[in-house]
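Here is the structure we will look at, set down as structure tokens.
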Amino acid sequence: MPLSDTSPLLEMRGVCKSFGPTKALQNVNLAVPRGAIMALIGENGAGKSTLMKVLSGAISPDAGEMRLDNALYAPKGPHQARTAGVSMIYQELNLAPDLSVEDNIMLGIERHRLGWLRRSEQHRQVQSALRQLGREDLDLATPVYRLSVGEQQLVEIARALVLEARLIVFDEPTSSLTGADVVRLFEVIDRLKQAGIGVVYISHFLEEIRKICDCYTVLRDGQTAGSGEIAGTTEEQIVALMVGRTVSELFPKIGHSPGDIVLKIDQLTGRKMPQHVSVELRRGEILGVAGLVGAGRTELLRTLFALDPVRQGTVRVAQIEPPHSPHARIRAGLGFVSEDRKTEGLAQSRSVADNLTYSRLSPYARLGWLNLRRRQAAVSDWMNRMQIKAQSSEQPVAALSGGNQQKVALARVLHQQADVLLLDEPTRGIDVGTKAEIYRLMGELAANGKAILFVSSYLPELLAVCDRIAVMSRGRVREVRPANAWTEEEIMSRAVSLEESLTHE
Amino acid sequence: MNDNEGDARHTKGFSRTWDYLRAVLGPLAALLGVIVLFTVADFLFADGTFGTFRNLRTITVQTCVIAVAALGMTLIVISGGIDLSAGTALSLAATVLAWGLREDIAVRVWHGDNFATASAKLEAAQQAVLAQQGQADSTASRREQFELRKMRLKAILVQKLEWSKSQLEEAPDDERAKLQSRITALESKLQRLDVPELVFRNDRAWQAGVPNSAWSAYVALAMGILAGVGAGLLNGFLISSLRVVPFIITLGTMTIYLGLGNMLSGSVPIRPSMEYHVPAWLSAITRNTPDALYWGFPYGVWMALILGLLLALVLRYSVFGRYVFALGSNESTARLCGINVAKYKIAVYALAGLFIGIAGVYQFSRLTVGNPQSGLGLELRIIAAVVIGGGSLSGGRGAVLGTLTGAAIMAVIASGCTQLGVENPVQDIILGTIIVGAVTLDQVRQRRWSRE
């Protein structure tokens with residue numbers, strides 16, 4: 001590769017993509033220089049995954065063009081993209097667990113003659129790929145389920161090398177890795193860079209990006225918000241680009257003060273998680289729950305809401321222990337907003353009105369028959385109050401944007417007159433504006449005496465919105481402190497810690 | 001087309017009505033299409049009787065069995081389930097009904113026995129006495145058999161004679177002569193029969209019992225329908241307690257219900273006597289004779305429409321209806337909203353069983369035979385009616401009007417093909433093609449509608 005070649009390895013220009021009325025990408029420009037690692041930064045829902053789907057050929061853009069090595073690049077599917085030299089390493093690894101390392105690497109690109117494998121040639125190729133990654137020690141015959149997650153990732157990267165990838169996209173590659181594996185991965189990525197392979201690195205962690213990336217592009221609301229060299233850019237500048245507004249705009253402060261205890265959890269233990277969780281929640285309080293994915297935060301909420309079984313421990317709502325069924329928990333005043341709107345939280349094909357009222361149809365029912373007009377009035381009222389944007393209350397929720405869907409889910413919990421709100425990642429995958437609205441709403445609810453248990457992976461929002469924050473790992477609550485006594489780093493270090501804290505609260 | 005739909009969706013308020021109309025108009029237009037097609041084809045290639053009201057009425061009546069059962073299936077399909085046992089549950093209901101009629105069930109229930117079996121027991125006892133008296137050698141026994149047969153024949157002749165006499169009073173003039181000659185013939189036959197009076201009196205008791213209790217029909221009807229409900233209850237209970245997919249559970253219960261029916265009938269179709277056992281109102285449900293028509297149709301057709309209307313109202317205006325849609329659209333959401341999923345699933349299958357039981361009554365009314373085998377394969381046509389009518393097997397979607405239309409489309413095609421002399425195998429192929437086509441069309445529409 002001549003050094004004088006200054007044209008970018010990959011260039012995306014004016015890429016647009018709409019899903020129905022939602023504009024996922026608008027005029028996105030992106031350029032990956034040769035032999036460089038570019039960070040793609042943006043909040044959830046900013047359009048990163050859509051953009052990468054366009055790049056990997058999984059979806060085709062409505063407008064715009066892509067150039068790879070100065071040649072027009074318009075993949076008709078993931079396979080074409082791979083053969084053109086663009087490989088993706090997703091967060092969820094894409095391996096056949098029972099096949100060996102070699103078979104996984106060569107899956108779909110087997111070297112053969114008349115249908116008979118040419119093992120020796122395969123061997124050679126796999127080995128050279130692993131050598132390039134500095135891991136020729138990996139046993140090729142081991143089934144990949146025996147490997148660590150980091151090694152499995154390596155197998156995927158090796159596959160990309162065998163395919164002679166010119167550009168490799170890493171989507172949140174460190175989210176499920178241990179510290180040592182992260183270091184090793186960075187080494188591997190550096191080797192790729194030395195070999196002249198372009199890397200797009202998607203991550204939420206700005207420290208990581210600062211450590212290994214050369215340049216960045218920030219996406220916001222489906223548009224390119226900015227790009228530049230990492231060196232000479234401060235973290236604050238990047239955050240400002242991501243959020244597009246100042247912190248005080250994003251996290252509106254609404255005063256609220258904790259009252260008497262409304263939810264008391266004592267030694268709550270589920271099937272596998274949670275483990276011996278004891279927490280108290282007061283009226284007018286927002287208690288954040290932080291932790292890594294798989295720390296048992298969702299399981300805690302589900303157990304509280306009787307969606308998961310209880311092994312031992314008690315749950316008291318206003319000093320009464322409700323029976324173990326979602327119905328009873330709703331009657332006791334609990335309200336649960338699932339993290340998964342698509343497969344659990346909402347009945348996607350049903351209307352806004354139905355979804356909003358499913359958990360409490362009694363005010364409109366008489367002897368089992370519904371008074372639809374009365375319900376319609378109430379639903380319209382709620383839609384106004386929550387500013388749910390829909391064509392009508394009879395529109396299926398599937399047609400709504402993520403933010404509006406989330407508002408429907410929240411409205412349902414409020415409509416059922418819940419006193420204690422269990423919110424599982426309520427701001428995931430929704431736009432910044434709606435996020436701010438939800439933070440404001442949470443503040444208002446707390447001010448009105450509601451208690452909120454707020455699970456989130458996004459630490460800035462936890463720190464800004466909550467009164468107290470509990471950190472969970474491996475199913476246990478490790479530590480609870482007032483929000484202003486935590487920093488992001490402290491929360492992370494508790495989240496990855498294994499031993500119980502001695503300074504419990 | 002695509003653009004028009006998009007515009008319609010974005011027109012506020014109009015969208016829902018439009019969506020609804022589109023969902024229902026599709027099958028209706030198809031129904032109209034096949035009717036016109038066959039009318040024209042029949043006019044050109046056959047005798048042109050297809051389009052007559054008389055023929056359409058026959059088709060309508062034929063549709064009823066499938067249509068009523070498909071109403072129940074609609075409920076199940078909307079809730080995200082399926083019922084493969086619908087066919088055999090339907091014929092089980094019909095068999096139970098037939099059995100109840102034949103066994104004069106009301107009398108049996110209240111007295112622990114009916115005249116027919118009591119009389120049979122009496123006969124057996126009489127034979128036992130005769131045998132004890134030392135007349136048990138083979139020739140005497142054969143002679144005894146002969147006497148008994150003569151006795152039975154006399155009883156039947158007496159019965160016929162009395163019936164003919166009773167008819168004579170009301171019969172129109174032209175039939176009176178025929179009846180009169182019949183009476184004379186019967187009387188002379190009776191005179192020629194030489195049966196001891198004592199033995200015969202015993203048999204009159206049996207005869208007196210045959211024109212059975214009026215209650216029996218009602219009890220048998222309730223039993224038949226309850227058999228359907230029970231079948232549905234069992235399905236629902238198994239599905240929600242074992243947490244096995246409905247497809248597998250009902251695949252199993254399909255065979256169970258067939259076995260139960262065969263057990264009850266002794267693997268022989270149960271034929272209650274039209275003369276004594278089957279009341280007129282029961283056979284009139286689907287009878288096309290002028291005396292059984294109300295506003296042009298037998299009352300079963302009207303009843304089916306009322307059932308459909310009721311179900312549509314339940315689906316739209318009841319809490320239960322909302323929950324059924326919620327279950328089918330997303331069971332997790334339903335659970336999360338505090339809906340008792342197990343309870344409502346059982347309710348769905350039980351209510352569907354009610355419809356299937358009623359469909360069994362329709363089937364009996366048409367065939368006047370209780371045959372457990374007659375429902376085999378019917379479940380697929382019932383499901384097909386729902387699917388052609390726009391129901392989605394993945395749940396959450398389905399409409400009463402669509403289902404009724406779907407059932408009618410299949411009946412029209414079957415009847416039209418017969419009229420045109422198309423052979424059965426070809427009919428099957430056409431029907432199958434239409435099912436695949438309807439579902440594909442629906443899928444395409446759905447995909448376009450929900451494309452992200």
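The values are calculated or read from the model by the stated rules, or taken from the named source; none is laboratory data. A quick note: this is a predicted structure, and the numbers were derived from the prediction, not measured. Every residue, glycine among them, receives a Cβ derived from its backbone with ideal geometry; neighbour counts consider all protein chains shown. Calculation scope for accessible area: heavy atoms of the full protein, side chains included, ligands and nucleic acids excluded. Shrake-Rupley method; radii C 1.70, N 1.55, O 1.52, S 1.80 Å.
For the peptides B:370-376, A:263-269, B:146-152, what is the packing order when you average, over each peptide's residues, the other Cβ atoms within 10 Å and list the highest mean first? The partial results should precede the final answer.
Values: B:370-376: 23.0, A:263-269: 18.3, B:146-152: 14.4.
So the peptides B:370-376, A:263-269, B:146-152, ranked by packing, come out B:370-376, A:263-269, B:146-152.
Is the shape of the stretch A:177-326 best called rounded, prolate or oblate, per the rule: a/c under 1.5 gives rounded, else a/b larger than b/c gives prolate, else oblate, with a ≥ b ≥ c the square roots of the Cα gyration tensor eigenvalues? Don't skip to the end; give the middle numbers.
On the way: a/c = 3.64, a/b = 1.83, b/c = 1.99.
Since a/c reaches 1.5 but b/c is at least a/b, the shape of the stretch A:177-326 is classed as oblate.
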Violations at 25 Å Cα threshold for listed pairs A:Lys253/A:Lys342; A:Lys407/B:Lys343; A:Lys407/A:Lys450; A:Lys389/A:Lys435 -> A:Lys253/A:Lys342; A:Lys407/B:Lys343
Across the alpha-carbon set of the protein assembly as shown, Rg over Rh with Rh taken as the Kirkwood radius works out to 1.11
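Where does the stretch A:351-416 land on Rg(C-alpha)/(2.2 N^0.38 Å)?
Numbers: Rg = 11.2 Å, N = 66, 2.2 N^0.38 = 10.8 Å.
Taking N as the residue count of the stretch A:351-416, the ratio is 1.03.
In Å², nearest 100, what accessible area do chains A and B bury in total when the solvent probe is 1.4 Å? Could the numbers behind the result be given before it?
Working: alone 23690 and 23640 Å², together 44700 Å².
Roughly 2600 Å² of accessible surface disappears when A and B pair.
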For B:Tyr317, the accessible surface traced by a 1.4 Å probe with all protein chains present amounts, in square angstrom to the nearest 10, to 90
Rounded to the nearest 10, the angle in degrees between the Cα long axis of helix A:372-386 and the longest principal axis of the Cα atoms of chain A comes to 60
Given unit charges at Cβ for Lys, Arg (+) and Asp, Glu (-), the dipole magnitude of chain A about its Cα centre in debye, nearest 20, is 1640
The size of the Cβ-based charge dipole (Lys, Arg +1; Asp, Glu -1) of the stretch A:283-404 about the Cα centre, to the nearest 20 debye, is 380
In degrees, nearest 10, the alpha-carbon axis of helix A:119-132 is tilted away from the dominant principal axis of the alpha carbons of chain A by 70
Expressed in square angstrom to the nearest 10, the accessible area of A:Leu250 with a 1.4 Å probe stands at 10
Accessible-area order for B:Ile156, A:Ile438, largest to smallest, probe 1.4 angstrom, reads B:Ile156, A:Ile438
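Can you give the average number of partner chain beta-carbon atoms within 10 Å of each beta-carbon in peptide B:311-322, as a whole number? Display every interim value, and only then the final one.
Numbers: counts 0, 0, 1, 2, 0, 2, 6, 6, 10, 4, 3, 11.
Per residue, the average neighbour count from other chains is 4.
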Rounded to whole angstrom, the alpha-carbon centroid of the stretch B:292-352 lies from that of the stretch A:9-55 at a distance of 47
Relative contact order in percent for the stretch A:351-416 (Cα pairs under 8 Å, 6+ apart) equals 51
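Counting helices only, and only those DSSP H runs with n ≥ 4, report the 222 nm mean residue ellipticity of the protein assembly as shown as the sum of -39,500 (n - 2.57) divided by its residues, in deg cm²/dmol to the nearest 500.
Details: 36 runs with 513 residues, N = 957.
Rounded to the nearest 500, the figure is -17500 deg cm²/dmol.
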Taking Cα pairs closer than 8 Å and at least 6 residues apart, the relative contact order of chain A in percent is 15
Expressed per residue, the solvent accessible area of the protein assembly as shown in Å² (1.4 Å probe) is about 47
With a ≥ b ≥ c from the Cα gyration tensor eigenvalues, square-rooted, and the rule rounded for a/c under 1.5, otherwise prolate when a/b > b/c and oblate otherwise, the stretch A:23-151 is prolate
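Quick one: order B:Met274, B:Met263, A:Met273 from most to least accessible surface, probe 1.4 Å. Walk me through the numbers before you get to the answer.
Details: B:Met274 100, B:Met263 150, A:Met273 40 Å².
So, going from the largest accessible area down, we get B:Met263, B:Met274, A:Met273.
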Sorted by accessible surface (1.4 Å probe, heavy atoms of the protein chains only), largest first, A:Arg283, A:Arg412, A:Arg366 come out as A:Arg366, A:Arg283, A:Arg412
Projecting the Cα atoms of B:Ala217, A:Val279, B:Val426 onto the charge dipole of the protein assembly as shown, where Lys and Arg contribute +1 and Asp and Glu -1 at Cβ, the residue farthest towards the positive end is B:Ala217
Among residues of the stretch A:374-403, a drop of 50 Å² or more in 1.4 Å probe accessible area, assembly relative to the chain on its own, occurs for A:Gln391, A:Glu394
The FRET efficiency for B:Val40 and A:Gln417, from their Cβ-Cβ distance with R0 = 60 Å and rounded to 0.05, is 0.45
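Compute the Rg to Rh ratio over chain A from the alpha carbon atoms, using the Kirkwood formula for Rh, and round to two decimal places. Walk me through the numbers on the way to the answer.
Details: Rg = 25.1 Å, Rh = 25.0 Å.
Value, to two decimals: 1.00.
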Probe 1.4 Å, all chains present, heavy atoms only: B:His277 accessible area in Å², nearest 10, is 40
So the carbon and sulfur contribution to the accessible area of the protein assembly as shown, 1.4 Å probe, in percent, is 57
With the charge dipole of chain A built from beta-carbon charges (+1 for Lys and Arg, -1 for Asp and Glu) about the Cα centre, the Cα from A:Ile105, A:Ile254, A:Trp369 projecting farthest to the positive end belongs to A:Trp369
The rounded separation in angstrom of the Cα centers of the stretch A:431-474 and the stretch A:83-108 is 39
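Just the number, please: percent antiparallel of the DSSP beta bridges in the protein assembly as shown, rounded to the nearest 5. Walk me through the numbers before you get to the answer.
Working: 48 of 83 bridges.
Percent antiparallel among DSSP bridges in the protein assembly as shown is about 60.
In nm, what is the difference between 0.36 nm times the number of residues separating A:Asp266 and A:Ala318 and their Cα-Cα distance?
That works out to 17.4 nm of additional length.
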The stretch A:142-164 and the stretch B:228-263 have their Cα centres apart by a whole-number Å value of 48
